[in-house]
Amino acid sequence: MKKQMKMTGGWIGAALAVAALALAGARAAGLSADERVIPQGACVAPNGDRLEVTSKCLRLNGAPLIPVMGELHYSRIPREEWASSLATLKAGGVSIVSTYVFWNHHEWREGAWDFAGNRDLSAFLGEVEKAGLWAIVRLGPWDHGECREGGFPDWLIDKFASGAAPAADDYDARRADAKALRRSLRTRDTRFLAETEKLFRRLYPEIAPHFWKNGGAVIGIQLENESRGPWPYYQALKKLAVDTGYDVPLYTRTGWPKLDGPETTFGELVPLYGDYAEGFWDRVLTSMPGSYADAFVMRPARTSAVIATEQLGAQTATDAKGAEKYPYFTCELGGGMASSYHRRLVMEPLDAFALGVVKLGSGSNMPGYYMYHGGSNPTDFGVNMAESQRGRFTNYNDLPVVSYEFMAPVSEFGEPQCAYWLIQALAEFCRTNAAELAVADPVFVSDHETRRGRFVFHNEYVRRRNPTGACWIGVAAADGTVTRVLDGPALARATAGRRDGPPVVALKTDELKRLKAAGTAPAVTIGINGVAQLPDERAWDAAAEYEVPFTAGDAMLEIAYDGDMARLYADGRLVQDDFWKGRPLRYALRRLPDGTRRLTLKILPWGPDVRAHVFIDR
């Protein structure tokens, strides 16, 4: 017994010595006592700058950071607008740009790669560098992003299908087809991994010159999106990426949904989280269904239970074991929200601001907004490039064919709007207080309030349920008094109605020349996923048609209309569309195709039962 005690004591002594050395090393590196570096890829730039991820935050040359990340999709924005859009992001306090690489935007036909124009990924990353920003590239292979088939090319779907595409109205056959596809796609199926390897290898020369280690902007790579894994699938993707040469300071994955099984190797992929104030994807035709209100509550759990419920099913807002060992980063706080055909939402500036306050108060050290900049889907492929219930793989919702405006802080046309100025103030608070705040753990005072060091985070605002609730960040003095340094409602009032952008040409349909009267709209059809389906092209035979006067130039066209949907055409070419939610259709006239001679508007009238199957957030 005495000998055993001596051995135990020696082991304890050795362990304490190791711990003391680790603590001394952490302090020498500028880390807090309970903070550890999570080794990733190459983290040293040619100029000697070192960017590391720790269990608490990102650190640049040892200094803690709380960067704001904003999502912008390069292939959904005209190339000539990239520089101005990135400058607007930077002025708004964004320091990291995240972007999806949609596979089908680059390889629409197998083997025929396209990196021209708006799809020039390398040129875009070069613009990010010129703007003085960093980038996280969401590599895929599957992205979602409300893109056709989640970004998978049609040829890939066909290659893995068991047969020809089922008839559009044969829902049983289509469900069986999708189920068969999901047994191979987004799995360790050797054929799928071989196709993914081709993708990674072709994208590599576009991205590699822009790696951090090469003096570029790319500090991180995200693999997959909204996947349960299991972990061996993520490991296979990580191996493909590393073997190809992707070498960056940060490898990430989305932290939702929970993995199918445990994470077996800590530190390979840092999970990034998200939350939304409301979702277009829900199947319920009411405001704030499910647990959206939980996004406005201070809580230790990082995982959201409301994201993508239509594809992931019911979830719980509980974290996987070991999540607390990673820094609390987010990549998808709702900067706004898109509208689906069956669920049309109008977001408020405080929705995005309050999400940021709550997540910072709950311990997050990276507010990441999706979307931060809206976009427009390409129309040059000859098919609908948006998510659709008529799709074979990602057939959850019907989105507008062109517009992916998302009611984001920066519109699809590059204008600051809605929450832009509120997030700008939040970003400045994060920047100036990062050294102290990033290493301060949250103390949960109540559902409405937390403290991180001397900083106090308070929120009672809840979208639609308590829209006048307090939402603020304060600083506590030694005597306990708290001074509010950011007051959300006050900021919202001060910036209400503010907009920076080109002059507006506001029109109403009764001011336009009517070319064709409206007919009778068809009845609503319910799609494969149980909600109202976007009418097919034949329905537009019933649309009213108007001629729109215009002068080419830098002006914003806004047309107030009444009807189920509206579409704008330039010489017969679709350039913009909108699902009615009480706001005008908007289009930047500078984007008109060269030589446009005629602008026409089509409005599909309300069908007899649309409002019974569509939620319109008024």
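What is the number of the single condition among (1) surrounded by fewer than 24 Cβ atoms within 10 Å (Cβ to Cβ); (2) out of contact with any Gly (no Cβ under 9 Å at 6 or more places or on another chain) that Leu399 does not meet?
With (1) surrounded by fewer than 24 Cβ atoms within 10 Å (Cβ to Cβ); (2) out of contact with any Gly (no Cβ under 9 Å at 6 or more places or on another chain) applied to Leu399, the lone miss is (1).
What's the total number of residues in region 215-266 that are over 21 Å from Gly150 (Cβ atoms) and among the small types (Gly, Ala, Ser)?
The total comes to 5.
What pairs come up if the first residue lies in region 27-51 and is modelled with pLDDT under 95, the second is in a loop (DSSP other than H, G, I, E, B) and surrounded by fewer than 18 Cβ atoms within 10 Å (Cβ to Cβ), and their beta carbons are under 7 Å apart, counting only those six or more places apart or on different chains?
Every condition considered, the pairs that remain are Ala29/Gly62; Gly30/Gly62.
Do you know which residues across region 149-170 are surrounded by fewer than 16 Cβ atoms within 10 Å (Cβ to Cβ) and either within 14 Å of Asp189 (Cβ to Cβ) or outside the structural domain of Asp398 (by TED's automatic domain parsing) (or both)?
Lys159, Ser162
Condition first: part of a loop (DSSP other than H, G, I, E, B), in contact with a helix residue (DSSP H, G or I) (Cβ under 7 Å, 6 or more places away or on another chain) and free of Cβ contacts under 8 Å to residues at least 40 places away in the same chain. Now tell me which residues in region 417-457 satisfy that.
Gly453
Rundown of residues vs (1) touching a Leu at 6+ places or on another chain (Cβ under 9 Å); (2) surrounded by fewer than 20 Cβ atoms within 10 Å (Cβ to Cβ); (3) closer than 30 Å to Arg392 by Cβ, yes/no style:
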{"position": "Gly488", "(1), (2), (3)": "yes, no, no"}
{"position": "Pro503", "(1), (2), (3)": "no, yes, no"}
{"position": "Tyr546", "(1), (2), (3)": "yes, no, no"}
{"position": "Gly553", "(1), (2), (3)": "yes, yes, no"}
{"position": "Ile559", "(1), (2), (3)": "yes, no, no"}
{"position": "Ala566", "(1), (2), (3)": "yes, no, yes"}
{"position": "Gly572", "(1), (2), (3)": "no, yes, yes"}
{"position": "Asp577", "(1), (2), (3)": "yes, no, yes"}
{"position": "Tyr587", "(1), (2), (3)": "yes, no, no"}
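Do you know which residues across region 80-136 are hydroxyl-bearing (Ser, Thr, Tyr), out of contact with any Pro (no Cβ under 9 Å at 6 or more places or on another chain), farther than 17 Å from Gly220 by Cβ and surrounded by 20 or more Cβ atoms within 10 Å (Cβ to Cβ)? Talk me through it step by step, then tell me what you get.
From region 80-136, those hydroxyl-bearing (Ser, Thr, Tyr) are 84-85, 88, 95, 98-100, 122; that's our starting set.
Next, only the ones that are out of contact with any Pro (no Cβ under 9 Å at 6 or more places or on another chain) stay: 84-85, 98-100.
Next, only the ones that are farther than 17 Å from Gly220 by Cβ stay: 84-85.
Scanning region 80-136 gives a single hit, Ser85.
Quick check, is Gly290 small (Gly, Ala, Ser), on the phi > 0 side of the Ramachandran plot and either outside the structural domain of His448 (by TED's automatic domain parsing) or touching a Gly at 6+ places or on another chain (Cβ under 6 Å) (or both)?
yes
Does Glu412 satisfy being assigned by TED's automatic domain parsing to the domain that holds Gly290, farther than 16 Å from Pro489 by Cβ and surrounded by fewer than 19 Cβ atoms within 10 Å (Cβ to Cβ)?
It is false that Glu412 is assigned by TED's automatic domain parsing to the domain that holds Gly290, farther than 16 Å from Pro489 by Cβ and surrounded by fewer than 19 Cβ atoms within 10 Å (Cβ to Cβ).
Among the residues of region 585-618, write down those that are under 22 Å from Ser287 (Cβ atoms) and in a loop (DSSP other than H, G, I, E, B).
Passing the criteria: Trp606, Asp609, Val614, Asp617, Arg618.
If the Cβ limit is 8 Å and pairs must be 6+ apart or interchain, which residue in region 479-491 that is assigned to a strand (DSSP E or B) pairs with which residue that is exposed (fewer than 12 other Cβ atoms within 10 Å of the Cβ)?
Thr483/Ala477
Sort through Pro249, Pro205, Pro262 and tell me the only one that's within 20 Å of Val128 (Cβ to Cβ) and surrounded by fewer than 21 Cβ atoms within 10 Å (Cβ to Cβ). Lay out the reasoning, then the answer.
Details: Pro249 fails: surrounded by fewer than 21 Cβ atoms within 10 Å (Cβ to Cβ); Pro262 fails: within 20 Å of Val128 (Cβ to Cβ).
Result: Pro205 is the single residue among Pro249, Pro205, Pro262 that is within 20 Å of Val128 (Cβ to Cβ) and surrounded by fewer than 21 Cβ atoms within 10 Å (Cβ to Cβ).
Would you mind finding the one in Ala539, Ala566, Ala552 that is part of a strand (DSSP E or B) and small (Gly, Ala, Ser)?
The unique qualifying residue is Ala566.
Quick check on region 120-129. Is at least one of its residues in a loop (DSSP other than H, G, I, E, B), farther than 24 Å from Asp398 by Cα and modelled with pLDDT of 95 or more?
Scanning region 120-129 turns up at least one residue that is in a loop (DSSP other than H, G, I, E, B), farther than 24 Å from Asp398 by Cα and modelled with pLDDT of 95 or more.
So, Ser446, is that one polar (S, T, N, Q) and surrounded by fewer than 21 Cβ atoms within 10 Å (Cβ to Cβ) or not?
yes
Between Ala419, Ala425, which is within 24 Å of Arg493 (Cβ to Cβ) and under 17 Å from the mean Cα position of the chain (by Cα)?
Ala419
Any idea how many residues of region 130-151 are of a type in the set (A, V, I, L, M, F, W, C) and assigned to a loop (DSSP other than H, G, I, E, B)?
Counting residues in region 130-151 that are of a type in the set (A, V, I, L, M, F, W, C) and assigned to a loop (DSSP other than H, G, I, E, B) gives 3.
Out of (1) without any contact (Cβ under 8 Å) to a residue 40 or more places away in the chain; (2) touching a helix residue (DSSP H, G or I) at 6+ places or on another chain (Cβ under 7 Å), what's the single condition that is false for Asn377?
(1)
Tell me, which residue of region 607-618 that is in contact (Cβ under 8 Å) with a residue 24 or more places away in the chain and surrounded by fewer than 16 Cβ atoms within 10 Å (Cβ to Cβ) is nearest to the chain's Cα centre (by Cα)?
Arg618
Scan region 277-315 for residues that are charged (D, E, K, R), closer than 21 Å to Gln533 by Cα and part of a helix (DSSP H, G or I) and report the count.
Total meeting the criteria: 1.
Which ones in region 339-396 are of a type in the set (D, E, K, R), under 17 Å from the mean Cα position of the chain (by Cα) and assigned to a loop (DSSP other than H, G, I, E, B)?
The one that is of a type in the set (D, E, K, R), under 17 Å from the mean Cα position of the chain (by Cα) and assigned to a loop (DSSP other than H, G, I, E, B): Glu387.
Would you pick out the residues in region 316-334 that are in a helix (DSSP H, G or I) and either polar (S, T, N, Q) or touching a strand residue (DSSP E or B) at 6+ places or on another chain (Cβ under 9 Å) (or both)? If you could, list the steps in order and put the result at the bottom.
Within region 316-334, the first condition is being in a helix (DSSP H, G or I), and the residues that meet it are 323-325.
Passing the criteria: only Ala323.
The values are calculated or read from the model by the stated rules, or taken from the named source; none is laboratory data. All figures in this text were calculated on a predicted structure; none of them were measured in a lab. Note that each Cβ is placed from the backbone with ideal geometry, even for glycine, and that neighbours are counted across all protein chains shown.
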